Number of protein chains: 2
Amino acid sequence: MVDQFDARNVNQVVDPGKRVSPEPPADRPGFELPLLLFAGFRTLIDRLHAELARQGHPDVRPAHGFALQAIAAGGPGGATASDVGRRLGVSKQAAGKTVDRLVALAYAERADDPADARRKLVRLTPRGVDVLTRSAAIFDALRGQWAATLGPERLAGIEDGLRTVVPPETAFRLDATSWLGAP
Amino acid sequence: MVDQFDARNVNQVVDPGKRVSPEPPADRPGFELPLLLFAGFRTLIDRLHAELARQGHPDVRPAHGFALQAIAAGGPGGATASDVGRRLGVSKQAAGKTVDRLVALAYAERADDPADARRKLVRLTPRGVDVLTRSAAIFDALRGQWAATLGPERLAGIEDGLRTVVPPETAFRLDATSWLGAP
DNA sequence: ATAGAATCGACAACATGGTTGACCAGTTCG
DNA sequence: CGAACTGGTCAACCATGTTGTCGATTCTAT
């Protein structure tokens, strides 16, 4: 994540003499941008989960959603805990604990892999599929609300802008929890 | 956070018959929007902390940054742990622990309040001020990079768009960590 | 003035979700 | 076949949150 940062630009802006931005930072302080992005993200996620709770899924948490996606990404055969861990960018042990939790909540189930006795395949239960299906519908509805407020073009402009400025691998990495944590 | 969600829109979009969005959701799946917002946020935060580490602050974490802001928001006299907790939207106990951490890292210090023997004022150390100053400069530089890539107008459009779609109180709430956690 | 209510900080117990390290059981490969 | 890798699990630990309790202090209202 460090690789794309150009330290020269930092010095250029810290030193008011030579500035990279065509617009003075004082005009729009840079610290607002991450706050707005996070507020937007959190607004969507909070509303998603409020609505999921209303639709019969009061116990699913944002972290679970990411994990469910990672399990579903393993295909119909299921995924192993190690797979999930790799997909989420966490250790296999942490992934195992999260899967335990999802199994306890009846969103996933474990089965032995007939082809490899080491592996335990994790699959979504119908309830797990249901929460993902509902999530997709709710996200579509929320996006529809934003489109109604902003206009479809402005919203598409936000999405396109973010797509161009975010490293593509980063865009769909599912590790939402770990980045705040330890070194 | 639930209050602003209009459940009718959800049903309208779930039911393909009556749709609120002028654009079919299938065109732009709604689930990408939160992912893009989060990816943008994380990109900025990751680069900020990579650069802070390079500039002599390798131990500060995103959560600490929010707490430092909350302390600084208390004004020059300092803030109490309970203040910080309220500002961050967490319990006073949790805020106290975070303050402990910042004190251990030499970013903050505690002092008795001469006017109220119950209170312990938390103030930033010069090191704490330094990390906030550098953070502001780095955020300005990062915003400058985005402005250079997108063009200033498109970036301003993203910011303005998010501002209109995000509930204003939500925009600058500093509680970044708790929303993922427990019920 | 004083009794009762509210607030602050601290301690304890616990949940969650992350980390390492170690280890065993299987599988794969030279 | 044996070495090396891989998957899952156990154990210890850390960071952050949560409740609940409590003593000390301050505020408030009679």
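Every read-out reported here was derived from the displayed coordinates using simple, explicitly stated rules and does not represent laboratory data. What you are looking at is a predicted structure, and each value in this text was computed from that prediction instead of being measured. Virtual Cβ from ideal backbone geometry, glycine too; neighbours counted across all protein chains shown.
Key figures
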read-out	value
Residue list for the stretch B:74-83, restricted to those being surrounded by 15 or more Cβ atoms within 10 Å (Cβ to Cβ) and closer than 20 Å to B:T133 by Cβ	B:G74, B:G78, B:A79
Selection count where residues are more than 7 Å from chain A (Cβ to nearest Cβ), without any contact (Cβ under 8 Å) to a residue 24 or more places away in the chain and more than 24 Å from A:L155 (Cα to Cα), scope the stretch B:131-161	1
Number of positions in the stretch A:116-148 that are in a helix (DSSP H, G or I) and not hydrophobic (A, V, I, L, M, F, W, C)	11
Which listed residue, of B:I71, B:I45, is touching a residue at least 24 places away in the same chain (Cβ under 8 Å), crowded, with 22+ Cβ neighbours inside 10 Å and within 15 Å of DNA strand D (Cβ to nearest atom)	B:I71
Residue selected from the stretch A:43-100 under the condition closer than 25 Å to B:E169 by Cβ and outside any helix (DSSP H, G or I), by the criterion farthest from the chain's Cα centre (by Cα)	A:P58
Conditions (1) buried (at least 21 other Cβ atoms within 10 Å of the Cβ); (2) within 12 Å of DNA strand C (Cβ to nearest atom); (3) away from every other protein chain (no Cβ under 14 Å); number of the one not met by B:G128	(2)
